[in-house]
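Colleague: Questions regarding the structure given below will be posed in turn.
The values are calculated or read from the model by the stated rules, or taken from the named source; none is laboratory data. On a predicted model such as this, the values are computed, not experimentally measured, just so you know. FYI the Cβ positions are ideal-geometry reconstructions off the backbone, even for glycines, and counts take in every protein chain you see.
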Amino acid sequence: MLRTGLLLLFLSLFLGAATLENLKWRSGESYLIFLERAGLPQDLYYAIDKEDQKLTEEIRTGVKFQVLRDSNETIEQVLIPINDELQLHIHRDKNSEYVFNAIPIISEARRESVTIHIENSPSSDILKATGSMRIAQAFVNSFKNSLNFRRDLRKGDPLVIVYDQKYRLGEPFSMPILQVAMIEMRGKRHYVYLNEDERYYNEKGAQVEGFLLARPVRNARISSGFTKRRFHPVLKRYRAHLGIDYAARRGTPIMAAGSGKIIFAGRTRGYGNLIKIRHSNGYMTLYAHQKSFRRGIKRGKYVKQGQVIGYVGTTGLSTGPHLHFGLYKNGRAINPARVVQVTTKKLSGKKRKAFLKVKKGFDDLIDEQLALAAKPFKYESFDPACYIDPVSCKPLKESGYEAL
Ligand SMILES: [Zn+2]
């Protein structure tokens, strides 16, 4: 993003009266409606390839995007992020024709930490210290199923949360990714660690996930995994695959991966016959390209985990019978493999050994953060988040951190 950002800034200086607009994607707006409203050619949808067309369906309501206009108000460029790694780019080429591309977002990740002593509750105290509801939620969610804050927490108990936050043009961008969290209650420390397998574990090496999914199809082969950004060497294009493809015979039953309410059951252009199910805690699952839905399955209906909702097909922009299965948390596509149930939930052998190494590094980091916070340290006077050098794991001094 940095490079493109600089390009935009450079262009705006060069063009003199050019304007750069920072906009938010409207609720209910489709990419086609956007093109029409912006006065851009509909070919920017109909003439691009199928995979790119599918990407345009991933634009989220409320996402911040940029439009650069020249001095005659003509659109020069549009940048629309579809996740934290890939963005849609429309620009005018040398012949003044509009061109569509998916390009990487260049962002910078900073490791940050917050150390506080409980005043009221973990969520309200973290919110007060950071101003970020997302960080507060990340902390609370990671302990929700194992600890009872209300019963065991006392005033003055310490908590530490370390997370990675992406920045785009100097502004926090996308969700913070929790690396390690610790809370001490009645003299006992409780931890949640992000392991190298991208799953969360407690100090005993047992997986902690508040939300677990069942596989949506039986005996199916994964034909395409989840990727936020991938460069296709032959097509020389950037791609994303925001779900898992299960190749299965036409007519194979599709099961609800989790219990929830059906919020969409109908036909779409890209995803064909599509069902979306809303689950608790901001999760949503998506089942695309279905041949047909099971009788009685419609919007508003509640379904149980494992209940058949439809049948594998190849409707929409699809090349063969398969289920495209997507998982979204608060509207953002996440890797379903992280929460689809696995047979073993506790690490053993080599995997456990590797985890213990990760754990040791994080334990030391938490100790350092606690020691630092024990010194008189006034958070209110400056940025409450402490930036950590990812190499030395030592906090960076304020002066050592340059703004973008
Ligand atoms: Zn797919």
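Colleague: Condition (residue is surrounded by 18 or more Cβ atoms within 10 Å (Cβ to Cβ), of a type outside the set (Asp, Glu), on the phi > 0 side of the Ramachandran plot and within 17 Å of the chain's Cα centre (by Cα)) applied to the range 129-141: is it met by at least one residue?
Modeller: no
Colleague: To continue, here is another question. Among (1) assigned by TED's automatic domain parsing to the domain that holds ALA247; (2) more than 16 Å from the ligand (Cβ to nearest atom); (3) touching a strand residue (DSSP E or B) at 6+ places or on another chain (Cβ under 6 Å), there is one condition SER174 misses while meeting the rest; what is its number?
Modeller: Among (1) assigned by TED's automatic domain parsing to the domain that holds ALA247; (2) more than 16 Å from the ligand (Cβ to nearest atom); (3) touching a strand residue (DSSP E or B) at 6+ places or on another chain (Cβ under 6 Å), the lone unmet condition for SER174 is (1).
Colleague: Being among the aliphatic types (A, V, I, L, M) and surrounded by fewer than 16 Cβ atoms within 10 Å (Cβ to Cβ), is that true of even one residue in the range 227-247? Working first, answer last.
Modeller: The first filter runs over the range 227-247 and keeps only residues among the aliphatic types (A, V, I, L, M), leaving 234-235, 240, 242, 244, 247.
Next, from what is left, pick out any that are surrounded by fewer than 16 Cβ atoms within 10 Å (Cβ to Cβ): 234-235.
Yes, because at least one residue in the range 227-247 is among the aliphatic types (A, V, I, L, M) and surrounded by fewer than 16 Cβ atoms within 10 Å (Cβ to Cβ).
Colleague: Continuing with the same structure: Restrict the check to the range 154-166 and report whether at least one residue is within 24 Å of LEU79 (Cα to Cα) and out of contact with any Lys or Arg (no Cβ under 6 Å at 6 or more places or on another chain).
Modeller: Yes: the range 154-166 contains one or more residues that are within 24 Å of LEU79 (Cα to Cα) and out of contact with any Lys or Arg (no Cβ under 6 Å at 6 or more places or on another chain).
Colleague: For the range 1-45: of the residues being out of contact with any strand residue (DSSP E or B) (no Cβ under 9 Å at 6 or more places or on another chain) and acidic (Asp, Glu), which is modelled with the highest pLDDT?
Modeller: GLU36
Colleague: So, in the range 289-315, of the ones that are surrounded by 20 or more Cβ atoms within 10 Å (Cβ to Cβ) and within 16 Å of the ligand (Cβ to nearest atom), which residue ends up nearest to ARG221 (Cα to Cα)?
Modeller: Here the answer is VAL312.
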